[in-house]
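The values are calculated or read from the model by the stated rules, or taken from the named source; none is laboratory data. Predicted model only: the values in this text are computed from it and were never measured. With ideal geometry, Cβ positions are generated from the backbone for all residues, glycine too; neighbour counts draw on all protein chains shown. For the accessible areas, the whole protein counts, side chains as well, though only heavy atoms, and no ligand, DNA or RNA atoms are used. Shrake-Rupley method; radii C 1.70, N 1.55, O 1.52, S 1.80 Å.
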Amino acid sequence: MTSTRVAAAAGSVVVAAAVNVATGMLTQNWTAAWGACTGVLVLLAVALAVWQTRLDGASVQRSQRVLDVESGGSLTMRMSGPGKQVLRGAKVDGDVTQSQED
């Protein structure tokens, strides 16, 4: 994920610099060029922040882990919604039940 953020930030700076140079060359007004560059950079930063937030939210995976449990009876794991359930190193005398409901 970090490399995606670095690439997005670098791309934003490159686009803003190109806008700065193009505006300055076309208008010969460098104050307007720097204003346009700043505006583009801010708009790209906001757009990339929204995009990255949605991307991070989509990649979050829920998990439920039960590790090294000893039980003289039964063990039940329930999880609602998508995710991953892990049971490791358990010593259970009774039944082990895992359920996952959507």
Check: Helix 2-27 sits at what angle to the longest principal axis of the chain, using alpha carbons and giving 0 to 90 degrees rounded to 10?
Finding: 10
Margin query: Pairs of alpha-carbon atoms within less than 8 angstrom and 6+ residues apart define the contacts here; what relative contact order does the chain have, in percent?
Written below: 20
Checklist line | Percentage, to the nearest whole number, of Cα pairs in region 1-60 over 17 Å apart | finding: 45
Next item on the list: May I ask for the angle, rounded to the nearest 10°, between helix 30-59 and the longest principal axis of the chain, with both axes built from Cα atoms and the value confined to 0 to 90°?
Entry: 10
Check: What residues have an amide H closer than 5 Å to that of Gln98, excluding those fewer than 5 places away on the same chain, when H is modeled at 1.01 Å from N in the peptide plane?
Finding: Met77
Margin query: Give me the 1.4 Å probe accessible area per residue for the chain, excluding ligands and nucleic acids, in Å².
Written below: 71
Notebook entry, point to check: What is the local net charge at Gln85, summed over the other residues whose Cβ is closer than 13 Å to its Cβ (Lys, Arg +1; Asp, Glu -1)?
Noted result: +4
Check: Residues with amide H under 5 Å of Ala90's amide H, sequence separation 5 or more or different chain, H placed in the peptide plane at 1.01 Å from N; which?
Finding: Asp68, Val69
Notebook entry, point to check: Put +1 on the Cβ of each Lys and Arg and -1 on the Cβ of each Asp and Glu in the chain; which of Gly89, Thr38, Thr76 then has its Cα farthest toward the positive end of the dipole?
Noted result: Thr38
